[in-house]
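Down below is the structure, laid out as structure tokens.
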Amino acid sequence: MAFELRSGDFAAGGSMPVEVTCEGADRSPTLSWSGAPGNTKSFALIVDDPDAPDPAAPKVTWVHWVVYDMPATTTGLAGGAALPAGARDGTNDWKQTGYRGPCPPIGRHRYVHKLYALDAALGDLGKPTKPALEKAMEGHVLGRAELIGTYQKGGR
């Protein structure tokens, strides 16, 4: 079985609903996964936007969410819900922990949800940024599942 990441809020490659964006409740999307490798001890999730600030001329990948040490028994995250016991938040590009949804200044952006199956729990890394988490995951990644959603603010 392939390692797969899905959302109950949007289809792969589809438009993300307003509820998960800055124009709505800004709640995290519902995510579920299956097919994780057998030796998985924890999961990490990074959500970012490679199209910032303008998809026609991207300059930076903007990080929306960093989560790690989700227990191996976790098979999903309810939309807007608290993280499972043991999971830890990292720091997004707003210099905050937790989820911040799509809020593109111009055009339709892609939001890449990357779920990593790891062979270990990483322990307390403080509030790591995406690069710090990626460094801590080196040598521990058993598998990766990806889901892309898109969003254009106000239909513009």
>> Need the failing condition index for ALA12 against (1) within 19 Å of ALA117 (Cβ to Cβ); (2) outside any loop (DSSP other than H, G, I, E, B); (3) in contact (Cβ under 8 Å) with a residue 40 or more places away in the chain; (4) hydrophobic (A, V, I, L, M, F, W, C), just the number.
In response: (2)
>> Being under 20 Å from LEU133 (Cβ atoms) and touching a residue at least 60 places away in the same chain (Cβ under 8 Å) narrows it down to one residue among ARG100, ARG6, ARG110; which is it?
In response: ARG100
> What do you reckon, is TYR99 among the hydroxyl-bearing types (Ser, Thr, Tyr), at pLDDT 95 or above and assigned to a loop (DSSP other than H, G, I, E, B)?
Replying inline: yes
> Limited to region 124-154, what total is found for residues that are in contact with a helix residue (DSSP H, G or I) (Cβ under 9 Å, 6 or more places away or on another chain) and either more than 18 Å from ALA52 (Cβ to Cβ) or surrounded by fewer than 17 Cβ atoms within 10 Å (Cβ to Cβ) (or both)?
Replying inline: 3
> Restricting region 56-84 to residues that are in contact with a Lys or Arg (Cβ under 9 Å, 6 or more places away or on another chain) and within 23 Å of ARG108 (Cβ to Cβ), which is surrounded by the fewest Cβ atoms within 10 Å (Cβ to Cβ)?
Replying inline: THR61
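The values are calculated or read from the model by the stated rules, or taken from the named source; none is laboratory data. Keep in mind it's a predicted model, so treat the numbers as computed, not measured. Heads up, the Cβs are rebuilt from the backbone with ideal geometry, glycines too, and the neighbour counts pull from every protein chain shown.
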